[in-house]
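Take a look at the structure below.
FYI, it's all coordinate maths here, none of it is from the lab. No experiment lies behind these values; they were computed from the predicted model shown. Please note: Cβ atoms are built from the backbone with ideal geometry, for glycine as well, and neighbour counts cover all protein chains shown.
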Amino acid sequence: METKGFLCGPTDVLDGIAHRSESEARIDPRRYNYRMTVNLSTADERYVEKVRGLWVGSGMWDRDELVVE
């Protein structure tokens, strides 16, 4: 499995996410977008349709942890 994430938003919000300390308040997730894609691979033929699917997720940063839906 391989994942790639894309974080988009205003410069000040992205800087806040990248450089905040644990004591700072959580940045409102409505101020930025986080999307991710997932690539799956397997040799098991039972899962061929799952592997060929398009897997997209969204998430938010909660201090230093990425929470994915």
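Values as computed for the structure displayed
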quantity	calculated
Residue-averaged 222 nm ellipticity for the chain, from DSSP H runs of 4+ at -39500 (n - 2.57), nearest 500	-4500 deg cm²/dmol
Option label - Rg and Dmax of the Cα atoms in Å computed here, alternatives [x] 12.9, 40; [y] 31.0, 105; [z] 15.6, 48	[z]
Distance in nm between pseudo-label sites at Asp62 and Thr42 (7 Å out along the Cβ direction from Cα)	2.8 nm
Cα centre as origin, Lys/Arg/Asp/Glu Cβ charges: the chain dipole, Debye	260 debye
